[in-house]
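Since every read-out is calculated from the coordinates, none of them should be taken as a lab result. Keep in mind that what you see is a predicted model, and the values were worked out from it rather than measured.
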Amino acid sequence: MMRKIFFLLGMSVLLLSACLSFSEKDKEKLEENTEQYIPDDSAILYRTYLPFKKSVSRGLISNNIYTKYDRKESEEGLLRLSAQNFDPKIYYFQEGQYINEDTVKTWLSRRSVNPEGLNPPITDEIVQQAPIYLAHIVEQNYLVLDDQKKGQLGGISIGLVMNSVYYTKEGSAVKISDEEIENKGREIAGKVVQRLRKMDGLSDVPIVVGLFKQLKRESISPGTYFASAIAEKEDSELSKWKNIKEQYLILPAWTEENSYSDVNTKFTNFKHDIDKYFPNDVNIIGTLHDIEDKGQSIKIEIPIQFYGTSEIIGFTQYITTRIIYYFPNIHVEVNVKSMNGPVALIIKKPKDEPYVHIYGH
């Protein structure tokens with residue numbers, strides 16, 4: 001669920017002082033840094049309330065969401081939405097404790113199967129006119145401490161995972177338009193809030209709802225949340241609906257969009273440089289995350305097959321110099337991996353010197 005925090009002090013971190021072209025002052029600054037380091041600027045880190053309780057509907061997510069990318073983003077994206085209403089400095093995170101497996105299954109069913117179903121019934125309509133819109137429900141709880149330091153529910157967030165493609169039992173794929181997804185999503189969101197208000201403990205807490213667009217089965221990039229709203233304390237109606245402009249793009253991409261052409265060209269050149277350095281075929285994949293109000297970040301995965309320490313150090317050195325050259329103003333996270341697991345991690349924040357960690361050193 002939540003990304004790991006890397007500590008630069010107390011870990012065997014190799015800063016490549018003999019390889020990377022940092023000044024002595026930069027090296028001293030890195031070696032003295034004892035702060036928590038967060039790999040991704042878009043990550044939201046809540047403190048988890050203890051004792052830990054797993055979600056009461058945890059087992060359903062892998063069945064209802066097509067890809068591992070959407071499973072991860074439907075949860076992490078909801079964390080980002082929640083942080084806009086539930087301050088991570090005040091609230092503690094807890095996995096959902098109110099919508100259990102039976103309730104999720106009931107709500108995801110068709111009304112012709114169960115009157116509580118939130119998906120359209122099948123009667124005399126052909127299936128293309130009544131697709132399954134709602135694929136899954138993600139619940140997150142946010143707790144605050146009372147005077148006795150005990151956690152009390154302070155808010156709840158709900159992610160409604162909406163299908164952009166519906167697959168019929170006959171095997172055909174029915175595309176659902178963005179407009180239809182949003183209209184149905186808002187309609188379903190209103191019903192969900194009304195039902196939550198009737199549950200014990202949820203009558204007077206803020207409820208944040210996000211609409212998530214699930215991509216097709218074969219997608220190698222995640223979908224995103226595209227709209228959100230909130231029902232304030234004791235309200236049973238959602239208000240303050242806002243559109244979310246967020247996108248993932250796999251690099252290198254075949255795209256003519258002007259907004260991504262520059263970063264796509266830089267990534268292509270970066271990949272070309274790595275291919276020249278390491279003559280064996282290296283399948284470098286980058287994922288661009290574009291959030292309108294926070295800018296762009298890139299995650300890069302580089303699989304390798306050599307294991308020698310000197311080779312790893314030299315290769316990591318070269319990658320770092322290329323990251324500095326091509327992406328000086330973009331947040332970049334590079335993970336170098338082998339068949340045996342992670343090899344190196346490089347983090348480059350905009351206009352900052354990179355942080356480098358070689359595992360096992």
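Values as computed for the structure displayed
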item: Rounded Å value of the spacing that divides the Cα centres of segment 195-262 and segment 86-101; result: 17
item: Gain upon complete extension [residue 292, residue 269; 0.36 nm per residue less C-alpha separation]; result: 5.8 nm
item: Amide proton proximity set for residue 53, modelled H, under 5 Å, gap of 5+; result: 95
item: Extended-chain gain in nm, criterion 0.36 nm per residue less alpha-carbon gap, residue 53 and residue 200; result: 51.1 nm
item: In order through segment 332-348: 3J(HN,Hα) via Karplus (6.51 cos²θ - 1.76 cosθ + 1.60), integer Hz, x for Gly, Pro; result: 10, 10, 10, 10, 9, 10, 10, 5, 8, x, x, 10, 8, 10, 10, 10, 10
item: Interchain or long-range residues, amide H under 5 Å from residue 251's placed H; result: 286, 287, 288
item: Rule-of-thumb Rg ratio for segment 92-167 [Cα; 2.2 N^0.38 Å; N residues]; result: 1.48
item: Contour minus Cα-Cα distance for residue 239 and residue 150 (0.36 nm per residue); result: 29.0 nm
item: Centroid-to-centroid separation of segment 327-341 and segment 173-192 [C-alpha atoms, Å]; result: 36
